Amino acid sequence: MLGFLKQPVVVTAEINMNLVALTVMGLVNRLWALSYPRAVVFDEVYYGQFVSLYMKRIFFVDDSGPPFGHMLLAFGGYLGGFDGNFLWNRIGAEYSMNVPVWSLRLLPALTGALCVPLAYQILVELHFSHCAAFGAALLILFENSLITQSRLMLLESVLIFFILLAILSYLKFYNLQKCSPFTAGWWFWLLLTGVACSCAVGVKYMGLFTYMLLLAIAGGHSWHLIGDQTLSNVSVLCHLLARGLALVVVPVAMYLSFFYVHLTVLYRSGPHDQIMTSAFQASLEGGLARITQGQPLEVAYGSQITLRNVLGKPVPCWLHSHKNTYPIRYENGRGSSHQQQVTCYPFKDVNNWWIVKDPGMQQLVVSNPPRPVRHGHIVQLVHGITTRYLNTHDVAAPLSPHSQEISCYIDYNISMPAQNLWRVEIVNRESDTDVWKTILSEVRFVHVNTSAVLKLSGASLPEWGYRQLEIIGEKLSKGHHQSMLWNVEEHRYGKSQEQKEREVELHSPTQADISKNLSFMARFTELQWKILTLKNEDTEHKYSSSPLDWITMDTNIAYWFHPISGAQIHLIGNILTWASANVATLVYVCLFLWYLLRRRRKICDIPEDAWRLWVSAGGLCVGGWAVNYLPFFMMEKTLFLYHYLPALTFQILLIPVVLQHLTDHLCRSQLPKNMFSALMVAWFSSIYLVYRTFSPLTYGEPTLSAAELRSLRWKDSWDILIRKH
Amino acid sequence: TLRRVRSVAFPTCLSLHPATSRGDALAPGAENYNSHDALRGNQTPLPAMPYGADSLSLDAVRGGARLPSGPRCGGLRQRRPRRPAGEPSRPSPPPRAWAPLEAPVGVWAPLASITLLSFASRFYRLCEPPHVCWDETHFGKMGSYYINRTFFFDVHPPLGKMLIGLAGYLSGYNGTFPFQKPGDRYGHHNYIGMRGFCAFLGSCLVPFAYLIVLELSKSLSAALLAASILIFDTGCITLSQYILLDPILMFFLMGAVLSMVKYNSCAVRPFSAPWWFWLSLTGVNLAGAIGVKFVGLFVVLLVGLNTVYDLWELLGDLSLSLVTLGKHLLARVFCLILLPLVLYTAQFAVHFAVLNKSGPGDGFFSSAFQSRLIGNNLHNVSVPEHLAYGSVITMKNLRMAGGYLHSHWHLYPEGVGARQQQVTAYLHKDLNNLWVIKKHDSNTDHLDPSCSVEFVRHGDVIRLEHKETSRNLHSHQHEAPMTRKHFQVTGYGINGTGDANDFWRIEVVGRKSGKRIKVLRSQIRLTHLATGCILGSSGKTLPKWGWEQVEVTCTPYVKETPNALWNVEDHINPKLPNISLDVLKPSFPEILLESHMVMIRGNSGLKPKENEVTSKPWHWPINYQGLRFSGVNETDYRVYLLGNPVVWWLNLVTIGLYLLMATCTIVAIKRGAQLTVEFKELSEVLLHSGGKIMLGWLLHYLPFFMMGRVLYFHHYFPAMLFSSMLTGITWDTLLKFCAGCLSCSMGKRVYTYGMLALMLLIVYSFYLFHPLSYGMVGPMASDPNSPMAGLRWLESWEF
C-alpha cells in the first residue's frame, strides 16, 4: 500500500549554467535602464498610436503588417494600465506621466534578451560544441543593433524571437524524430514550430520568409521519410499528416485567430473607417452605423440615396453634383457640353443625395407599398438639391478624352437631347431578380443609349471643378473594376413632394432601423485584402536605405536626439560582427562549392558526418540569411536598415559554425590550433570593445562630447548628429 | 544509292541496341525509322550485350555507312552517365498496346502535313483587315524608321523591328506610311510583305513544337497533339498575322528550345559536327530571342539551367577526365555565352549604323550620342564655343538618359516643399528648356549691343534665368519632393529679381580657376552658394503634378557622380561667332551601354495608372479576357485576340494533371515500387522531358507576377507554347499508362480513340471560334443573329 514510502522521493534537476548565465546577461543587457529615454523614440511614434487605439478599442487598419505584433505591444500597455491618452505625433516628444514606458518596452526587451539563450540552444541542437554555441550567444549579446531594436517599443526583436523559436523547436523535433516519433515531446516541439511560425508571420509579414524556409526544410526531410522503405505506407502517411497539421493547419488557424481577436477587441469606429466598405463600417459601433442604423434595406422608386464608389481609391468618395457647369472650353481647347458638373466628392455633403426615379412616372416620393428596384430595372437618377437628371452623351470627359462626359442635364434647347436612362446591374446578385439593397448591393449603372458605365476615373479636376474627382462614362467596359461599382450608403424613403420640403428633408439626418452583421470570415477577408493592397504614398525617408547598403552597414538611423544634452540613440551595428559575418558567409559558400564539386568527382575531403552537419547548419543559416535578405531587392517600399536584422541574426549564427569547421577540419596539427584559439580570444575581445565603444549610441547615455562623437564616425556615410556651436 | 546502303546498315546497328523506345523513335530521318519499324515487326528478343561493345560497333557502323555531316544524331540517345559501362543493355520489352499506331506512320509525312496546315491557317486572309491593327501602329512605324534610317527610341532591343523593316524593304514597302493610329487604312502601301514575314515565322512554331515533342517523348501522337493544338489555337493564329514582335520572339524562342533538345540528344557523341551545329544554333537563337524583347531572358534562363544540369551530370561521370570536362565547359561558354553576346552586340552595331538620321528619339540620349545623327542640331554643330553672359543655353544632365534642365508655369503642389515654380529634367526638346546666363549681381541685358562680350569663367558666381517664365533657378533648405535627403530646386523671383538663394557657382570638372567654359565639352557642376549643395537630377519620376518628368534636386552630399554634372548643349549668342565644333564622338561600347540604360528606364516607366483596368497574370491561363485587335462597332471588321477556349482550358487542366501524375510517379519510385520496363520509360518521359517543358512554362509565366509594368494578355503566349507541348506529352503518357493497364487490344483501342477524341475536340472548337481570328462582321455576340451567338462563354469576352 504505502510502498512508495519505501523509496525516497528524488527530484533530479539538471541546470545548464551556461544557459542561465546567458539568459541573465541577456536580461541585464537588454533591460538595463529600460525606461530611459522617457521620450518617443523613432517608430514608437508609429506603433504607439496603434497601442492607444487598442486601449480605446477603436478600429484601425495598418498596412505594415498583421495585427499580432501590435496586439502584443498593446498587451504591455494593458498590463501597465495605459489608458491610451497620449498624442503620438512627434519623435522626441516627452512621455506624459500616464504612459507606462517600462511596461510598453518590456515585451520587446524580454524577447530580445531570450534570443541570446535561443541562439545557444540552436547551435547545440545542430550538434555543434558548447563552445561554439556559447560564442554564437555572445555575438548576439554584444550586437549593438539588436540591443537598440529590442530596448524600444518596436517589433523586430519580437519577430526575431519567434523566428529563432521556430527554428529551435523544429531542430528539437527533428532530433527526436530519429529516436522517438509520436511521443509527447515530439508532438510538443512539432506543434511549437507551427505556433512560432504563425506568431512570426503574425508579427510581420517578413516572418513568411522564414516560414517558407522551414517548410522547405521540412519538405526535404519528409521526402527522405518517404524514401525510407523500412517504414510502412501507413506510418509514412501518419508522419506526413502530422506535419501537415502542425505546420500548415495550425499556423493558418492561429493566423485567423489573431484577426478574430483583433476584430473582437476593436469594435468602435475610428479614423480608418472610410477605407472599408460601407457594410464593414456598419458593423462597427458609432460612425456609419449610427447613421445607417434603421435605414430601409430595399431601395425603391422614390428612395433618396447617397452613392459611394466601391473602390475607395485614391480617396473614398460619393457621387456628387453642384450648381456649377463644365467650362465651355477646357485649357487644352477641347469643348464641353457646358452642363452641370458631376463629380465624386470625398466628404459627406447634402449635394451627395440622389433620388431614384421611375422613368414612367413623375413622382419623386415612395409609393405605398414601396416598389423595390431590381436587377436590370431602368431608372433615372435625380440630383436632390438641383433636381437635374444624371445624364451622359457623346462628349469627351474633361480629363479622360476617350470616355464620355457625365453631367446633370440642362436643356439649352439645342440639338442635344437628354439621355438619362440608366440600367441598374447588381454585380453581387444571387439571382437575376435580386432587389437593390442598401450597403450590401454593389451596383453598376449602364447607360441605356450608349452602354457607357458610370465610373470613377481617379483623376482630380482642375480649379473649375474644385479639385473634386472626375466621373466618366466608360464606353468600352473592360471587365469588372471596382471603380465602376457603387453602393448605396445612406438611404431613406422620400416623402416630400415639393422641392422646398425635400431640401429640408435632405438636410435632416436619416432615421430608422436595421442592423447588418457581417460574418467573421467576410470581415477577415476584407480587412486582409485592404492590408495587402493599401498603398501609402511611399516617399523616401531621410534614413531610408537600399539593401546594398546593409551588408556593409553603410547607413545608420538616428533614432532619438536629446535637444539639450545632445544624447542620442542610433541604430548602428557592431561593425566587427557584421564584417565577420560577411566573411563567414563568403568562406562558407566557397568551401561548400569546393566540397560539392569534389564530392561529385568522388573525392571526399571531410567525413560523411561532418559533411552532413556542414550542409544542414549552413543550409539553415545561409538559407535563413538569403530568404530574409534577397527578397528586399524586389520590393518597392521604403526600406530601412532594421529590415536587415533578421537576416543578420542568421548570418551571426553562421560565424561559429564556420569557425568550428575550420578548427576541426582544416587545422590538422596542434600549433595552428593554438594559434587559432589565441586569435579567437583576441577577436572576441575586440568585438566586446567595439560594443563598449558604441554603447553610448545604443543606450543613449552617457552623453558624448562633439569630439567623441566625431571619433565614432568610422564611416563617412554614417549620419551622427554633431551640433555646431 | 546512299539511301539504300543506310537502310541496310541501320538494322545492324539497331539490332545491337534493341528497341527501347528512346533509342529508336528519336531518329529524325524517315529511313531510320522505317528500317527500325521493319525490325519491330519481328520483335525478336536479342541476347544481352555489354554496353562497350555496342557503342563500339555502332561507331563502326556509322563510320562504315558514312553519314553525311549535318544535323542528325538520332539513333542512339542513351547518355553515358545514366548507364554505367558494363551494365548489360535491356532486353526487348513485350509488345505494346500503342506501338501499332505509330508503326505505319513515318515522321516526315506528318511533319509536312502539319507544316502545310500551319502555313495555310496563318496565311489565310492575311491581308484582312487592310488597316492598322493594334500595336502595328508601333512596330510598323518602327519598321518604317529603319527604311527611312531615322533614329527612334523604343523599350525593346532592335532585332525584331530591324527584321520587320528588312521584310518591308525587300517586299517593296517604301517606308512612307505614317502608321499613326490603329484603324488607318493602308491604301496603296504594301504591308503584306511585313505581315507575311511575321506570319511565316509564326507558322514555323508548329513544326518546331512538333519536333521538340517528338524528340522529347519519342511519340508521334504526342507530337501531333501538341502541333494540332497550336495550329488550331485562334490566339496563336491572330498573333501571327500582324506586324508584331511576338511571332518573331516566339520563333527564336522555340528555335532555341528545339536546338537545345537536339544537342542534348547528341550527348552520346560530343564534339561531333551535329553536336557543334545544334549547340551553336542554340546560341544563335538565344541571341535572336533576347534581341527581340527582353522577355527572351527567360529562355536564356531555361537553357542555362539545362546546361548547368548537363554539366553536373558530366562532372559526376568519373570516366571523363578533367581535360574533357574543361573542353565541355569551354564549348558551352563559347557557344551559349560568348556567341550570343557577340551576335547581340552585332545587332546593335547594325542598328546604330542603319539609323543615322535624327528622329523622334534624340532627346533621350546624351549630347555626344546625338551628334552622330544627321539632321540633329548637334551634328556638325556650329555654335559659339565659349559661354558668355547673356547666352541662351540648354543644359543636359550627364547621367544616362538624363534630361534637360526644365521649368514651366506650374507650381509645386501644396505640401511639397515651398509653393514655388517647378524645376524638372525633361527628356524632350522644348522651348522651356532654355535658360539665360546672367551675372549674379546685375540685371543688365548683356545682349544689348553697347555691352562688350564677357565670358563666363570657371568659378564665377552666376544666376540662371528661365527664358520663358523669367524666374531664377533657386534652391533652399526644403525637402525635395521625392529624394527627401536633398533640397528642393525651384524657379523663383519675378522678371529676374530674386534673392541670394538664386546664386550658383559654376565650375568645370578638372579645371583651374579663370578658364572659359566650353559648350558641349565642359562638364559643369553648379554649386549653390548659400547651402553648398550641388544641382543634380535624381532620376526619379515625379508624380502626376510634375507631368511625370524627372526630379531635379540640390544634393548636400558632395559626390562626383554624373547625376550632378551637366553639359551645355544648345548655345545661342548672336554676338559671338559660330565655330564648327567636332564633338567628341562616343565609342561603340559607350553607345551600347547608354542605349541599354535608356531602354531599362523606359521599361520601368511603363507603370499602370491608378484606376486603369489592366490585365493581370492570373487572367491569362484561364483565357479570362482578350485584346481587341481591330474594330469596335457592329459594322466594323472585328478581330479579337483570344485563345481557343477549349484548347486553353485543356492546357490549364493538363497542368494540374501533369503535377498530379508527376507527384504520383515520383512518390511511387521513391517508395521503391517495382515498375515494368514499359512504365519506367513512360515515367522517364513524364518526369524528364515533361519536367523540362514544365520548367519552361514556369519560367515564362511566374516572373510576370513580380513585374510592376503594364502587362497585356499577349505576354502569356510564350508560356502558352510550352503549356501546349506539355499537353501533348502528358495526355500521350496518360493514355499510354491507361492502355498499359488494360489488355492489349482493349488498351490499343483506348489509346487510339482517346487521341482521336482529343484531336476532334480541338478541330471542332476551332471551327466554332475561327471567326475570332479571321474576322467578324455583323452584330455582336450578344445578338442571337451573330455568328458568334452563344459562344460568349465568359462575360468578360468582348466580341
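Helices that extend 24 Å or more along their long axis by alpha-carbon positions and average at least -0.5 on the Kyte-Doolittle scale are, among the DSSP H runs of chain A, A:101-125, A:156-179, A:184-203, A:207-227, A:575-600, A:608-629, A:645-661, A:670-699.
Average accessible surface for segment A:298-389: 37 Å² per residue, computed with a 1.4 Å probe over protein heavy atoms with every protein chain in place. For segment B:582-734, the Cα-based Rg and Dmax, in that order, read 22.1, 79 Å. The A:Asn324 and A:Arg371 beta-carbon pair, evaluated with R₀ = 30 Å, returns a calculated FRET efficiency of approximately 0.35. In segment A:643-725, the alpha-carbon atoms span a convex hull of 134 Å³ per residue. Working from label points 7 Å from Cα in the Cα-to-Cβ sense, the A:Ala626 to B:Thr663 distance is 2.5 nm.
Please compute the Kirkwood hydrodynamic radius of chain A from all pairs of different C-alpha atoms, in Å with one decimal. If you can, show how the numbers build up before the last one.
Values: mean 1/r = 0.0332 Å⁻¹.
For chain A, the Kirkwood estimate is 30.1 Å.
When the alpha carbon coordinates of segment A:1-73 are projected onto the principal axes, the ranges are 64, 33, 20 Å, largest first.
Estimated at the nearest 10 Å², the accessible area of A:Glu425 is 40 Å² with a 1.4 Å probe. Across segment B:139-277, the mean sequence separation of Cα contacts (distance under 8 Å, 6 or more residues apart), normalised by length, yields a relative contact order of 23 percent. Here the protein assembly as shown exposes an accessible surface that is 63 percent carbon and sulfur, computed with a 1.4 Å probe and the other protein chains kept in place. Each DSSP beta bridge with both residues in the protein assembly as shown is either parallel or antiparallel, and the antiparallel ones are about 95%. Between segment A:12-67 and segment B:736-786, how many Å separate their Cα centres? So the separation of the two Cα centres works out to 64 Å. From largest to smallest, the equivalent ellipsoid semi-axes obtained for the protein assembly as shown from the alpha-carbon gyration tensor read 54, 48, 42 Å. Enumerate the residues in segment A:309-335 having an amide nitrogen under 12 Å from the point lying 7 Å beyond the Cα of A:Thr386 toward its Cβ. Those under the cut-off are A:320-327.
Which of B:Lys141/B:Lys544; B:Lys293/B:Lys692; A:Lys204/A:Lys437; B:Lys141/B:Lys540; A:Lys348/B:Lys540 have a Cα-Cα distance over 26 Å? Walk me through the numbers before you get to the answer.
Working: B:Lys141/B:Lys544 28 Å; B:Lys293/B:Lys692 22 Å; A:Lys204/A:Lys437 38 Å; B:Lys141/B:Lys540 29 Å; A:Lys348/B:Lys540 36 Å.
Violating the 26 Å limit, Cα to Cα: B:Lys141/B:Lys544; A:Lys204/A:Lys437; B:Lys141/B:Lys540; A:Lys348/B:Lys540.
Given their separation in residues at 0.36 nm each and the Cα-Cα distance between them, B:Cys127 and B:Ser745 gain 217.5 nm when the chain is fully extended.
Per residue of the protein assembly as shown, what 222 nm ellipticity follows from adding -39500 (n - 2.57) for every DSSP H run with n ≥ 4, rounded to the nearest 500?
Working: 45 runs with 663 residues, N = 1524.
Counting only the DSSP helices, I get -14000 deg cm²/dmol.
The residue among B:Gly196, B:Asn376, A:Met97 whose Cα reaches farthest toward the positive pole of the charge dipole of the protein assembly as shown, with charges on the beta-carbon of Lys, Arg, Asp and Glu, is B:Gly196. Between A:Ser677 and B:Arg792, the distance separating the two model label sites (each 7 Å from Cα on the Cα→Cβ line) works out to 8.4 nm. Over every Cα atom in segment B:272-359, the radius of gyration and the widest Cα-Cα span, Dmax, amount to 16.2, 60 Å.
Given A:Lys602/B:Lys736; A:Lys313/A:Lys637; B:Lys515/B:Lys575; A:Lys313/B:Lys181, which pairs have Cα atoms separated by over 29 Å? Could you put the intermediate results ahead of the total?
Numbers: A:Lys602/B:Lys736 39 Å; A:Lys313/A:Lys637 19 Å; B:Lys515/B:Lys575 20 Å; A:Lys313/B:Lys181 31 Å.
Over 29 Å Cα-Cα: A:Lys602/B:Lys736; A:Lys313/B:Lys181.
Remark: relative contact order (chain A) = 14 percent; criterion is Cα-Cα distance under 8 angstrom and separation of 6 or more residues.
Output the relative contact order of segment A:223-382, whole-number percent, from Cα pairs under 8 angstrom with separation of 6+ residues.
Values: 174 pairs, mean separation 29.9, N = 160.
Dividing the mean separation by the residue count of segment A:223-382 yields 19 percent.
Would you kindly enumerate the cysteines in chain A that have no other Cys beta-carbon under 4.7 Å from their beta-carbon? Cysteines of chain A left without a disulfide-compatible partner: A:Cys115, A:Cys131, A:Cys179, A:Cys197, A:Cys199, A:Cys238, A:Cys408, A:Cys590, A:Cys604, A:Cys621, A:Cys667.
Relative to the 2.2 N^0.38 Å rule of thumb, segment A:576-700 has a C-alpha radius of gyration ratio of 1.25.
Translational diffusion coefficient of segment B:237-396 (Stokes-Einstein, Kirkwood radius from Cα pairs, 20 °C, 1.002 mPa s): 112 µm²/s. Mind checking the log10 I(q)/I(0) for segment B:380-421 at q = 0.15, 0.23 Å⁻¹? Debye, one equal scatterer per Cα, no solvent, two decimals. For segment B:380-421 at q = 0.15, 0.23 Å⁻¹, log10 I(q)/I(0) is -0.65, -0.96.
Order these peptides, B:310-318, B:654-662, B:243-251, by their mean beta-carbon neighbour count within 10 angstrom, highest first.
Values: B:310-318: 15.1, B:654-662: 16.8, B:243-251: 25.9.
For the peptides B:310-318, B:654-662, B:243-251, the packing ranking is B:243-251, B:654-662, B:310-318.
Go ahead and collect, in residue order, the members of segment B:780-799 whose backbone nitrogen is under 16 Å from a label point 7 Å along the Cα-Cβ direction of B:Leu652. Those under the cut-off are B:792-798. Computed from point charges on the beta carbon alone (+1 for Lys and Arg, -1 for Asp and Glu), the dipole magnitude for the protein assembly as shown about its Cα centre is near 3040 Debye. Compute the FRET efficiency between A:Ala93 and A:Asp63 as 1/(1 + (r/R0)^6), taking r as their Cβ-Cβ distance and R0 = 35 Å, and round to the nearest 0.05. FRET efficiency, A:Ala93 to A:Asp63: 0.90. Sorted into 10 angstrom bins from 0, the C-alpha pair distances of segment B:345-415 split as 15, 37, 30, 13, 5, 0 percent.
Simple spin-label estimate for B:Cys451 and A:Thr533 gives 5.9 nm between the two label positions (7 Å along the Cα-to-Cβ direction from each Cα). Roughly what % of Cα-Cα distances in segment A:518-650 sit above 25 Å, to the whole percent? Tail fraction, whole percent: 51.
The A and B chains share an interface that buries close to 2900 Å² of accessible area, total over both sides, probe 1.4 Å. Along its first, second and third principal axes, ordered by size, segment B:131-218 spans 50, 26, 24 Å in Cα coordinates. Please give the FRET efficiency for A:Ser565 paired with A:Ala707, using the beta carbon to beta carbon distance and R0 = 22 Å, rounded to the nearest 0.05. My answer for the efficiency is 0.90.
Between B:Lys540 and B:Leu301, residue separation times 0.36 nm minus the direct Cα-Cα distance comes to 83.0 nm. Restricting segment A:585-649 to chymotrypsin sites (Phe, Trp or Tyr not before Pro) that sit in a DSSP loop and have at most 13 other Cβ atoms within 10 Å of their own Cβ leaves nothing. For the pair B:Trp547 and B:Phe294, the difference between a 0.36 nm per residue extended length and the Cα-Cα distance amounts to 88.3 nm. Need one number: the % of Cα-Cα pairs in segment A:156-309 sitting beyond the 23 Å mark. The proportion of pairs with Cα distances above 23 Å equals 54 percent.
Amide H contacts of A:Ser717: none lie under 5 Å away among residues 5 or more positions distant or on a separate chain (H built 1.01 Å from N in the peptide plane; Pro and chain starts excluded).
The values are calculated or read from the model by the stated rules, or taken from the named source; none is laboratory data. Every value quoted in this text rests on a predicted model; they were computed, and no experiment measured them. No Cβ is skipped: glycine too gets one built from the backbone with ideal geometry, and neighbour counts run over all protein chains shown. When the accessible area is computed, the model is the full protein with side chains, heavy atoms only, and any ligands, DNA or RNA have been set aside. Shrake-Rupley method; radii C 1.70, N 1.55, O 1.52, S 1.80 Å.
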